[in-house]
Amino acid sequence: MPPFSLAALTALELPPGELIEVASACGYDHVGIRLLPATPGGLAYPLMENENSLRETIGRLDATGITVADLEVVAFRPETDIETFSAFLSTGERLGARHILVAAYDPDLGRFAHRFAGFCEAAQQHGLTVDLEFMPWTFVPDLVTANKIISEVRQPNAGVLVDALHFHRSNSAIDELAGVSVRQLHYWQLCDAPAERPATTEAMMIAARAERMFPGEGGIDLAPLIRAMPPDITVSIEVPTAELAKSMDATTRAKRALVAARNVISAARNGS
């Protein structure tokens, strides 16, 4: 089995310290922490703005042995200034984080690539990789576009973040993964969902942020993707389930997600 991370979005209602405790209780190796909101006004836990909370979080990490896989979400928009991320990057280093999730909301991909390269250089000084997540509603909508940008910027810590849901919904192909260097696949995200693609962009976004399914319980054929990804990189289990959250606590959801992920990965690798 690869190492597993409890993604922030799976239990976003929990502040980082509580998420760490849940991850430890369920048997995860890592957690993801959302320091910045995915959308303006969205829920996040900006530890870089609260020294006491940051120290408490570091204490929870030390006590449990859980480590931080990734930090979320650096959303590049036309007005983004990479110099404003100094505290974010320093906090990531203090947390011992490994990766940063980046999303492209800038329609000028030339400008985005230039800023992305600069952000990679800044993150490199803090020991962090910068991983571009392609999503159908962003300006990097698929694997081919993401890989093209990563190849052009030529930064040693730049990577492509593959999310099983976005891979499926963007109509990306397994064969396209062969064009991505293994060195640029640092971790990936696993979940499930109905096989049918939502009819509108808004519905697609809602499904991604609140209506995912536990691995193996939906209609996505996960086995080919599992077999195509490097077998030893961290698998971030990202399963936001708004309806289940009304009746199932975070620990139960996180445990169910981990068991499901282990089962589908084992089955895929054993050819069943």
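With respect to (1) touching a residue at least 40 places away in the same chain (Cβ under 8 Å); (2) of a type outside the set (A, V, I, L, M); (3) touching a Pro at 6+ places or on another chain (Cβ under 9 Å), the lone exception for Thr251 is condition (3). For the stretch 43-99, filtered to residues that are among the basic types (Lys, Arg) and touching a helix residue (DSSP H, G or I) at 6+ places or on another chain (Cβ under 7 Å), the residue that is farthest from Glu18 (Cα to Cα) is Arg94. Of everything in the stretch 179-236 that is charged (D, E, K, R) and under 20 Å from Ala254 (Cβ atoms), the residue that is nearest to the chain's Cα centre (by Cα) is Arg209.
Tell me yes or no: at least one residue of the stretch 233-242 is in a helix (DSSP H, G or I), at pLDDT below 95 and open to solvent by 40 Å² or more (accessible area, probe 1.4 Å). Yes, there is a match, as at least one residue in the stretch 233-242 is in a helix (DSSP H, G or I), at pLDDT below 95 and open to solvent by 40 Å² or more (accessible area, probe 1.4 Å). Suppose we keep only residues that are outside any loop (DSSP other than H, G, I, E, B) and aliphatic (A, V, I, L, M) within the stretch 159-187. Which one would you say is nearest to Ile206 (Cα to Cα)? Looking at the filtered set, the residue picked out is Leu165.
Cβ separations smaller than 7 Å between residues 6+ apart or across chains give the following pairs from the stretch 193-217 residues that are in a helix (DSSP H, G or I) and open to solvent by less than 80 Å² (accessible area, probe 1.4 Å) to residues that are modelled with pLDDT under 95 and of a type in the set (A, V, I, L, M, F, W, C): Ala210/Ala242. Only one entry of Thr57, Thr10, Thr67 meets the criterion of being within 24 Å of Val235 (Cβ to Cβ), within 16 Å of the chain's Cα centre (by Cα), open to solvent by less than 30 Å² (accessible area, probe 1.4 Å) and of a type in the set (Ser, Thr, Tyr), and that entry is Thr10. Checked against the criterion of being open to solvent by 30 Å² or more (accessible area, probe 1.4 Å), within 26 Å of Ile237 (Cβ to Cβ) and in contact with a strand residue (DSSP E or B) (Cβ under 9 Å, 6 or more places away or on another chain), the candidates Thr145, Thr138 yield just one match: Thr145. With the condition kept exactly as written, say whether any residue in the stretch 158-166 is touching a helix residue (DSSP H, G or I) at 6+ places or on another chain (Cβ under 8 Å), farther than 16 Å from Ile233 by Cβ and not β-branched (Val, Ile, Thr). Yes: the stretch 158-166 contains one or more residues that are touching a helix residue (DSSP H, G or I) at 6+ places or on another chain (Cβ under 8 Å), farther than 16 Å from Ile233 by Cβ and not β-branched (Val, Ile, Thr).
The values are calculated or read from the model by the stated rules, or taken from the named source; none is laboratory data. What you are looking at is a predicted structure, and each value in this text was computed from that prediction instead of being measured. Neighbour counts are summed over all protein chains in view; Cβ atoms, including those assigned to glycine, are modelled from backbone coordinates with ideal geometry. For accessibility, only protein heavy atoms count, side chains too; no ligands or nucleic acids. Shrake-Rupley method; radii C 1.70, N 1.55, O 1.52, S 1.80 Å.
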